[in-house]
Amino acid sequence: MRTRLLAVTPSSRSRHLEEAVRVLLGGGLVAFPTETVYGLGADATNPRAVGGIFAAKGRPGDNPLIVHVASLEEAQALGAFDDRARALAARFWPGPLTLVVEADPRIPEEVRAGLPSVAIRMPRHLLAQDLIRLAGVPVAAPSANRSGRPSPTDAASVREDLDGRIPLILDGGPAEVGVESTVVDVTGEKVVLLRPGGISSEDLERVCGPLGYPQGEDLLRRSPGTRHRHYAPGVPLWLWDGGDVPEEIRILEREGVPWGYVGVLPPPANPAWELRGGTFEEYAALLFRALRRLEQQGARGILAEWPRGKAGIARALRDRLSRASGGREPLVNEPERC
Ligand code: TXA
Ligand code: MG
């Protein structure tokens, strides 16, 4: 299959959107930008099209998808919104928050991976909104990477992973947030954090009170996605909290082997390449792209700053970094005080 990459400009926008809608409604896959990361979209009402997502990504079939909508009404037709879900949607939609609610049983099994719940999100990226609205159907979309790779935050990263496997990529420039949406489960007594992301826990708690932070088996049971390996670059990733230079980096330096750095603080020692943000928000926006580019440039190892606190976006950064560095039990969901 030939993959077409359509660059969206003010003059090509409506033509390219029409083309993307045609592909979606024909049962095909379209990669499109959202404010978090690029998504790989299919018509959520078409089980065959949804099956295509799993095939293109090499995604395990037991990992359910997020359904993207263009309005609250559309969301409420897909699942049961109680007062808490409505309050969260009213405050944070459109935006990087995904709500897991009890599903309308008509939602295809393939989307929900057989669960009785469904994850729903209304993105704030205008191209994503227009695509969903013009298609007139909810759009199931995981991140548009090969399973296990860092999520794509630009069209070039999507092409790296999915060239020849999908018909169309809409290029709307780099994603603004750079880490995926925050996922909360609103089906139980307590609102529970399943994945930290673009909306902070502090902001959520101001709307719905104290969150639950499931750990270990409890988290695995509630959030099938956390079972699978994630975000890994192809070279070792080490974490640095601003203290002593890690032993691995000392060894690389001694042997003259090039390594890369990403973070906010100035790097310890002398990386061959460094990518720095001025704030944790900027760090989050460049992290996944940095992991891909440093590896491509020939870094034999990557050192990433480990945020010492977990306020705001730092919680999501710590989650993605600990999973990307592998090797130890991921701190997927750190409790409030630890
Ligand atoms: O920002 C985002 O969320 C991006 C953009 C494209 O919207 N999407 C994304 O999708 O990150 P994905 O598939 O990479 O991650 C979806 C997460 C997975 O961890 C999955 O297990 C979880 O949401 N999820 C989906 N449906 C669920 C459900 N019914 N119950 C619990 N977790 C669910
Ligand atoms: Mg993903």
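The values are calculated or read from the model by the stated rules, or taken from the named source; none is laboratory data. Everything quoted here is computed from the prediction, not taken from an experiment. All Cβ positions, even for glycine, are placed from backbone atoms using ideal geometry, and neighbour counts span all protein chains on display. Each accessible area value is taken on the protein alone, full model and side chains, heavy atoms only, with ligands, DNA and RNA left out. Shrake-Rupley method; radii C 1.70, N 1.55, O 1.52, S 1.80 Å.
Things to note:
- The distance between label points at Glu202 and Gln297 comes to 3.2 nm (points 7 Å beyond Cα on the Cα→Cβ vector).
- Sequence of Phe280, Phe32 when ordered by accessible area, the most exposed leading, probe 1.4 angstrom: Phe280, Phe32
- Accessible area in the full protein assembly, largest first, 1.4 Å probe, for Ser181, Ser11: Ser11, Ser181
- Per-residue SASA entry for Ser151, accessible area with 1.4 Å probe, Å² rounded to 10: 0 Å²
- Each of Arg86, Arg206, Arg48 has its accessible area taken with a 1.4 Å probe; listed largest first, they run Arg48, Arg206, Arg86.
- When peptides 138-144, 93-99 are sorted by average Cβ neighbour count within 10 Å, with the highest value leading, the order is 138-144, 93-99.
- Taking segment 168-286 and dividing mean pair separation by its residue count, relative contact order in percent (alpha carbons under 8 Å, at least six apart): 19 percent
- Label-to-label distance for Thr9 and Leu265 is 4.4 nm, based on points extended 7 Å past Cα in the beta-carbon direction.
- Extension gain, Ala87 back to Ser71 (0.36 nm per residue minus Cα-Cα distance, nm): 4.3 nm
- Centre-to-centre separation between the Cα atoms of segment 4-67 and those of segment 159-190: 10 Å.
- Helical mean residue ellipticity (222 nm; -39500 (n - 2.57) per DSSP H run of 4+; nearest 500) of the chain: -10000 deg cm²/dmol
- Scanning the chain for GluC sites (Glu not before Pro) in DSSP loops with at most 15 neighbouring Cβ atoms within 10 Å leaves 1-188 as the longest stretch between them.
- The equivalent ellipsoid that matches the C-alpha gyration tensor of segment 227-334 spans semi-axes of 21, 15, 13 angstrom, in descending order.
- For the chain, with +1 on Lys and Arg beta carbons and -1 on Asp and Glu, the positive-most of Leu286, Gly27, Pro64 along the dipole: Gly27
- Size of charge dipole - the chain - debye, nearest 20, with Cβ of Lys, Arg +1 and Asp, Glu -1, no other charges: 620 debye
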